[in-house]
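Written out below as structure tokens is the structure these notes cover.
The values are calculated or read from the model by the stated rules, or taken from the named source; none is laboratory data. Quick caveat, the model's predicted, so the values are computed rather than measured. All Cβ positions, glycine included, derive from the backbone under ideal geometry; neighbour counts span all protein chains shown. Surface accessibility is based on the protein's heavy atoms, side chains included, excluding ligands, DNA and RNA. Shrake-Rupley method; radii C 1.70, N 1.55, O 1.52, S 1.80 Å.
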Amino acid sequence: MSMTSLLAFTPWPAVSAGILLIFLIVAMYLARNTAHQAIQAAAGVLARGLRLASHSVTHAHQRLGARNREVLLAAGREAKERIVEREFARVGDTVRKDLASYPDMHRRLSEAIVRIEEDQEKAVEVPPQAPGWGQAVKVIANLDVGNAGTAILSDIHKSMVKAHARAMDDYRKASSERHALLRRMMPDWRLIHETLGRVDKSVESVIERSLAIDHRMEEYEAIVRGEDRAVSVLSSSSIVYFFVSALVLAVATAGAAVNFTLIARPMAEMVGGTNFVGAFRTADIAALVIIMVEISMGLFLMESLRITSLFPVIGALSDKMRVRMMIITFAILLLMASVEAGLAYMREVLLQDELATSALLRGDGAGSMVNGYLWITTAAQMGMGFILPFALVFVAIPLETFVHSLRTVVGLTGIAILRVLALILRVLGNGCRHLGALAQRVYDLPLCVPLWIETRAAAATKQGTWNTRVSRETKPLQEAQS
Amino acid sequence: MKCRLLLLGAALAMQACAPSGPKNTGVYLLVDTSGSYNRQVNKAEQIILYALTRLQPADSIAVARIDTASFTEKNIIAKATFDDRPSTANKQKRAFAGLVDKFVEVSAPAPYTDITGGLLQAIEFLNEKHTARREILIFSDMKEDLAKGYVRDIPLDFTGFDVIALNVTKLRSDNFDPRQYLARLDEWRARVEKGGGHWRVINDLDRLDGLL
């Protein structure tokens, strides 16, 4: 039914429109309560649904947060255990080193002390005193023997001088011996001093290590207790590790790309340049496989060296097996590096051949000229071909860090997304409730006239009721007054 | 469900590993040696050498002359399908260039011009090679002049072929009436396109970037 036919039930379309409008308003007014309830119900359902979804997302966010916290704490605990273990190993090494030399050191110290004691005892011995002639001289001096006494005294004097000289000689000799003994003590003193110095250094080192262990243990205990601060520290560390390892991996990828460029062209000589597997050249795939195998060997080598721990099976192997694995992986790497160096050389040869052919076909004499410095690029390419596989071995370290930190970072990103989603859902839920109220007001907008009339009528009714009640209450009073 | 996923994965893997179709190019270059156009053979050599620089391992190329009777293998001056090893392909290119050089030295003018026969030979050669791209380069003034007794009024199937006319020189008669030249080109265009091919003319030999 078109609008023209709708407005044709009276000869005047404006009148028809007016009548229709009135009918519409009346219908809307009559259906007002039902419409309001419908709008309210629809908005309520939507709001409740969104709020429910928001709660659900919040729960998911909390669960993910708890899981992420557990992962972080477990990773942190493991890392700290490794650090503490390493510190203990270092302390053990220090102690073992010092204790291993302790019996020898003790023996040397004891010997030095015994020697010092002996020398000291020897140094204490006093040389014999000159014979005491004083009493004899006194007796002879009291004798009245004339000049004979003088001769005797003179002899005694001579003997005394002689004895004194001998005593002095003995004394000097004894002093010299004591000095020699004391001089001999010096190396022993020095030995004792040095040995004690070494002991002091070792003890200080052990104390330092023990302080570090204490510090690590405090951190470890905080992690075990699941303190928020520990989680926060671990979380920020994890993000830093993630970005740093991603950067290093990007650099390694660039290195792998250079490696690929070096060997892709000569690989065409080996597997053909026109075979395709899917949309990719077989030569390119072969070059890529070589690089991937090199990276895998690097991973296994790092695992065998226990530098990384991506594969627990390798870490759990016996030392003998690990050493064997180390040798095998290193041998394969060496072989592949040599192959790559050969391929890099071949690349240069092929390039020159191609340039020469192009120059010949173009009739360009300059193109076929031999470059005198060509050996530099050839050597550089060969060197890169040989070194890059070994450089790629170290990709294992950032890769491990990346894998470990990725879990946390993905968890944190998930938490952030869920939090934002929950907020959006909550806002939408509230928005729906308010939109419902707004829709009710908008519905009432065309009904302003009947609503106004209704309000007026209600007010009048209320006023009438009020007047009736007042007159009913005041009538007995007036009657009483009159 | 798991079984379906496995089957899907296997199908995808097989699809990925399946050998793809040919991606090589086949080029057949016809060199007109009739009458005065024989003087242009040196230019044709440049085109051939340019084509050789553009071709890759596993591509095919043949150079044939257009003379009185061109629908014969004897007219093929040199042909090669390059090895898929780049070094061997380079050697083949050098040998091919040598053969072309010898041809240029000894090329003698032919009394008639059988372009259609040459095209038939080109179609036959390239169809046998099963190359992905098929290009026929015609180095000629495109003026066919058949000897008595040669029937060439036959439909040609150019489906999947690019036919490129190179260095289409103007004849003396074209200078009197250029409509002859234009009509000649239009006639060949119509013939090629009717056969399902794609027609192109390149007269500026210094701008061969779009070629191959």
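Observations, loosely collected:
- On the basis of the beta-carbon distance and an R0 of 35 Å, A:Ser210 and A:Ile327 show a calculated FRET efficiency of 0.40.
- Using θ = phi - 60° and Karplus 6.51 cos²θ - 1.76 cosθ + 1.60, couplings along the stretch A:451-463 (whole Hz; Gly, Pro as x): 5, 5, 4, 4, 5, 4, 4, 5, 5, 5, 4, 5, 5
- Segment A:Tyr443-A:Gln463, length gained on full extension (0.36 nm per residue, minus Cα span): 4.3 nm
- Neighbouring Cβ atoms from other chains, within 10 Å of the Cβ of residues in B:54-65, number 1 on average.
- For the residues of B:82-95, the average number of beta carbons from a partner chain within 10 Å of their own beta carbon is 5.
- For chain B, the longest principal axis of the Cα atoms and the long axis of helix B:115-129 meet at an angle of about 20 degrees.
- Chain A, helix-only ellipticity at 222 nm - DSSP H runs n ≥ 4, -39,500 (n - 2.57), divided by all residues, nearest 500: -31500 deg cm²/dmol
- Cα-based shape type of the stretch A:157-299, given that a ≥ b ≥ c are square roots of the gyration tensor eigenvalues and the cut on a/c is 1.5: oblate
- What the protein assembly as shown shows is 62 Å² of accessible area per residue, with the surface traced by a 1.4 Å probe over protein heavy atoms.
- Near B:Thr169, the amide H atoms lying under 5 Å from its own belong to B:Asp141; only residues 5 or more places off or on other chains count, and H is placed 1.01 Å from N.
- Calculated on C-alpha atoms, the gyration radius of the protein assembly as shown divided by its Kirkwood radius gives an Rg/Rh of 1.36.
- Sorted peptide list for A:407-414, A:32-39, A:259-266, criterion being average Cβ within 10 angstrom, highest first: A:259-266, A:407-414, A:32-39
- Inter-chain neighbour count for A:273-280: the average number of beta-carbon atoms from partner chains within 10 Å of each residue's beta-carbon is 6.
- Of the accessible area of the protein assembly as shown, computed with a 1.4 Å probe over protein heavy atoms only, carbon and sulfur atoms account for 64 percent.
- Peptides A:382-390, B:91-99, A:20-28 ranked from most to least packed by the mean count of surrounding Cβ atoms within 10 Å: A:382-390, B:91-99, A:20-28.
- Each residue, B:Ala190 and B:Asp157, gets one label point 7 Å from its Cα in the Cβ direction; the gap between the two is 2.4 nm.
- Take the accessible area of B alone and of A alone, subtract that of the pair with a 1.4 Å probe, and the total buried over both chains is about 1500 Å².
- When chain B is treated as a Gaussian network with alpha carbon springs shorter than 10 Å, the biggest mean-square fluctuation among B:Asp67, B:Asp101, B:Asp153 belongs to B:Asp153.
- Distance between the modelled labels on A:Thr455 and A:Ile152, one decimal in nanometres: 16.1 nm (7 Å Cα→Cβ projection).
- Counting only residues at least eight positions apart within a chain, or on another chain, the aspartates and glutamates with an alpha carbon under 13 Å from that of B:Lys129 are B:Asp59.
- In terms of distances greater than 30 angstrom between alpha carbons, the cross-link table entries B:Lys23/B:Lys79; B:Lys74/B:Lys194; B:Lys93/B:Lys148; B:Lys43/B:Lys74; B:Lys91/B:Lys170 yield B:Lys93/B:Lys148; B:Lys91/B:Lys170.
- Sequence-distant residues sharing a close amide H with B:Leu29 (under 5 Å, placed H): B:Ala62, B:Val63, B:Ala64, B:Leu137
- Using alpha-carbon coordinates, inclination of helix A:228-271 to the longest axis of chain A, degrees: 90 degrees
- Degrees separating the helix B:86-106 axis from the principal Cα axis of chain B, which is the longest one: 10 degrees
- When peptides A:49-62, A:463-476, B:154-167 are ranked by their average number of other Cβ atoms within 10 Å per residue, the highest-first order is B:154-167, A:49-62, A:463-476.
- Compactness relative to 2.2 N^0.38 Å, alpha carbon Rg of the stretch A:1-134: 3.74
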